[in-house]
1. Quick check on the stretch 156-181: of everything there that is farther than 17 Å from I107 by Cα and without any contact (Cβ under 8 Å) to a residue 12 or more places away in the chain, which residue is surrounded by the most Cβ atoms within 10 Å (Cβ to Cβ)?
2. Within the group E78, E13, E39, E9, which residue is surrounded by fewer than 11 Cβ atoms within 10 Å (Cβ to Cβ), over 16 Å from the mean Cα position of the chain (by Cα) and not small (G, A, S)?
3. I'd like the residue in the stretch 116-152 that is of a type in the set (K, R) and free of Cβ contacts under 8 Å to residues at least 24 places away in the same chain and, out of all such residues, is nearest to S87 (Cα to Cα).
4. So which residues in the stretch 43-75 are more than 16 Å from the chain's Cα centre (by Cα) and either surrounded by 19 or more Cβ atoms within 10 Å (Cβ to Cβ) or not small (G, A, S) (or both)?
5. How many residues are over 16 Å from A134 (Cα atoms) and polar (S, T, N, Q) if we restrict to the stretch 56-101?
6. When you check R190 against the structure, is it in contact (Cβ under 8 Å) with a residue 12 or more places away in the chain and part of a helix (DSSP H, G or I), yes or no?
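The numbers here are math on the coordinates, done by the rules we state, and not lab data. Keep in mind that what you see is a predicted model, and the values were worked out from it rather than measured. Counting neighbours? That spans all protein chains shown, and the Cβs are built from the backbone with ideal geometry, glycine included.
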Amino acid sequence: MRYAPDHKEKTRERVLAVASRALKRDGAGALGVAGVMAEAGLTHGAFYAHFPSREALIAEALDAALAEMKARYFSVIEGKPPARALSDYIDFYVSRRHRDHPGDGCILTALGSDIARLSDPARDAFARGHAQLARALTNLLDASVTDDLETLALSMTAEMVGAVTLARATADPIHSDRLLAASRAALKARAGVAEEPAR
């Protein structure tokens, strides 16, 4: 059977998309090559035509998840003035939807506890993702809020990731909702943007 010239690249992208979603949904420890390949509609043996190791797959899937996170960020803020964009992004990120659908969410919240045990390439990708989110927030912050926008953005990023992570770990849904609401309000107050009703 003859394949299109881009067949291998498209197959690889499909595997990465499946692995990225599995990382966010189940964590790195639960990611297995056989399961990813089966979900992508491929045999286990085909894996090594695309990746040298499970660790390489994890690092590249992490990069794919970060690219998706960046695209979602721009879809939320597009065409909005900075204060509105920042408020909307905080609402989008620190939300019940993000808490309840990890497979569709941010890789930073999914791998927070796993990342220290992963390979250097995966840890490097995670660090790039954190820096990317902090830069995005820095670009939306108003200079009147503080002299050091980068430090504020780093702190806000840590709180956003931590709030969603803790909200997922909290068994009581009422307490979890309160945690998200309190973090949204605190983040917006620190950023100098108005609090909006919870989404």
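1. That would be T170.
2. E78
3. R135
4. T43, H44, F47, Y48, H50, F51, P52, R54, E55, L57
5. Here the count works out to 2.
6. Against the criterion (in contact (Cβ under 8 Å) with a residue 12 or more places away in the chain and part of a helix (DSSP H, G or I)), R190 qualifies.
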